[in-house]
Amino acid sequence: MNSQTFTIYDKQQTTPIIMDKTYNKATYSARAYKQVARAVQDLRQDIGMVTGAIDAKLVQQCFDDSSECLAKRLVQADQNKIPALHYRLTNQTTPVIIIGIFEESALLQELYQAGKLPQAEKLPQETESFLITNVDQPTATIPTALVIAGSDARGTIYG
């Protein structure tokens, strides 16, 4: 990870999270996608608890923290205090967080092919590894991105 700072919440708005809509390159792509999608929702909730949009005590007391319960909390929370979730880089004009499995994510592959993510080159040879880095100008309209790229689902979730 480089030493640049990245602001997730500026006391007015949170940085949106971008991830692919699906994965379909490998045998277990659908399962891996489901795991990463749940981790992204958990991250959104964690940020919401830090910003005060979601009551952390309520989450801690949940006996059944199903995906449905999590989704309901995210919908009911102050939307300025939790990251919006988008599935493409187009139409983005603010800093973003991009999350995905390096070899499965079309978004991450696009950044890599454009020379914006050279440090991810060795991820495919690793297991349960991840990379967290800032990428300047990932697209013409996005000034900066915090990229969390995993070698596999578990690596992405760890990241």
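Select one label from (i) 40; (ii) 16; (iii) 23: the one whose number is percent of Cα pairs over 27 Å apart as derived from the coordinates shown.
Among (i) 40; (ii) 16; (iii) 23, the one calculated here is (iii).
Among DSSP beta bridges lying fully in the chain, give the percent that are antiparallel, nearest 5.
Among the beta bridges of the chain, antiparallel pairing accounts for roughly 45 percent.
Taking the Cα centre of the chain as origin and charging only Cβ (+1 Lys, Arg; -1 Asp, Glu), how large is the dipole, in debye to the nearest 20?
Around 260 debye, computed over the chain.
Which lysines, on any chain, are close to LYS11 with Cα under 18 Å apart, when same-chain ones fewer than 8 places away are left out?
Straight-distance partners of LYS11: LYS81.
Can you give the FRET efficiency to the nearest 0.05 for THR90 and ASP42, using r as the Cβ-Cβ distance and R₀ = 22 Å?
0.25
Need the full-extension length gain, LYS122 to ASP10, defined as separation in residues times 0.36 nm minus the C-alpha distance. One decimal, nm.
Value of the extension gain: 37.0 nm.
Accessible area per residue for the range 1-146 in Å², computed with a 1.4 Å probe and the full protein assembly in place, what is it?
Value for the range 1-146: 59 Å² per residue.
Would you mind giving the average projected area, over all directions, of the Cα convex hull of the range 22-114 in nm² with one decimal?
Spelled out: convex hull of the Cα atoms, projected over all directions, averaged, 7.1 nm².
The values are calculated or read from the model by the stated rules, or taken from the named source; none is laboratory data. Note that the structure is predicted; figures quoted are calculated from it, not measured. Ideal geometry is used to build each Cβ from the backbone, glycine not excepted, and the neighbour counts take in all protein chains shown. Heads up: the accessible areas ignore ligands, DNA and RNA and are worked out on the full protein's heavy atoms, side chains in. Shrake-Rupley method; radii C 1.70, N 1.55, O 1.52, S 1.80 Å.
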